[in-house]
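One structure below.
Just so it is clear, none of the values below were taken in a lab; they were calculated from the coordinates. All values derive from a computational prediction rather than experimental measurement. Glycine gets a Cβ as well: all are built from the backbone with ideal geometry, and neighbour counts include every protein chain shown.
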Amino acid sequence: MARPLSEEKRQALIQTAINLIAEQGLSASTANIAKQAGVASGTLFTYFDSKEALFNQVYLAIKNDIAAALLNDAVYNDWQTQMQHWWNAYIAWGIRHPRERAAVRQLESSPILAQETRQQVREAFIPMWQMLAEAERLGRFYLPLDLTVLMMENMMETTIQYLTHETQASAHYQQIGFEMMWRAVVKA
């Protein structure tokens, strides 16, 4: 009878993959991931069918963590207040998780992500997508929703990058970043 898989080992493999993707990009080898996670090389393939499967799970784990950080608090009736809440929550998450942000950027710019993984991530953010889709339906955005979201994400990333180097008046710059994003994507 086969031994049950260890969730601790699985998580160690995912966390090690995050660190190595952040450092080395997608060329991080499965042998190095296994070695640094403290497991035998073949053990990685007991948990993940392939490098691609591991990297898809890494992406899903990071995005689920982001969704939990953004969507675990109260929902506001005013969509600008809700957007401000999500902005602040993402900025806080991003500052605390630089390796995860770097790994996500690497993974998002590659063809390695399966459509199923992308769909699972989208489902993790359903409340956000529903609110944004309603705003789009009401004609609140200048651009199509997918492009609007990309613009927002990039403006959040730019704000995070600045705030990690500029610690003075960070709340002020975080607010200014939100106001700039809002004016850039939302019709008055």
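Per-structure values
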{"read-out": "Span-rule helices in the chain, defined as complete DSSP H runs reaching 27 Å or more along the axis (Cα) with Kyte mean at least -1.0", "value": "51-71, 145-165"}
{"read-out": "Choice from I176, I66, I160 showing the highest fluctuation, given a GNM over the chain with Cα pairs closer than 10 Å", "value": "I176"}
{"read-out": "Neighbour-count ranking [beta-carbon atoms within 10 angstrom, fewest first] of T30, T164", "value": "T164, T30"}
{"read-out": "Per-peptide average of other Cβ atoms within 10 Å, ordering 10-22, 142-154 highest first", "value": "10-22, 142-154"}
{"read-out": "Likely footprinting exposure, K9, K187, K63, fewest C-beta neighbours within 10 Å first", "value": "K187, K9, K63"}
{"read-out": "Simple spin-label estimate for N72 and T167 in nanometres, 7 Å along Cα-Cβ", "value": "2.5 nm"}
{"read-out": "All lysines inside 29 Å of K9 as judged from Cα atoms, apart from same-chain residues fewer than 8 positions distant", "value": "K35, K51, K63"}
{"read-out": "Calculated FRET efficiency for the pair K187/D65, C-beta based, R₀ 25 Å, to 0.05", "value": "0.20"}
{"read-out": "Gap separating the Cα centres of segment 129-185 and segment 38-110, nearest whole Å", "value": "18 Å"}
{"read-out": "Virtual spin-label span in nm between A114 and E179, 7 Å along Cα→Cβ", "value": "4.6 nm"}
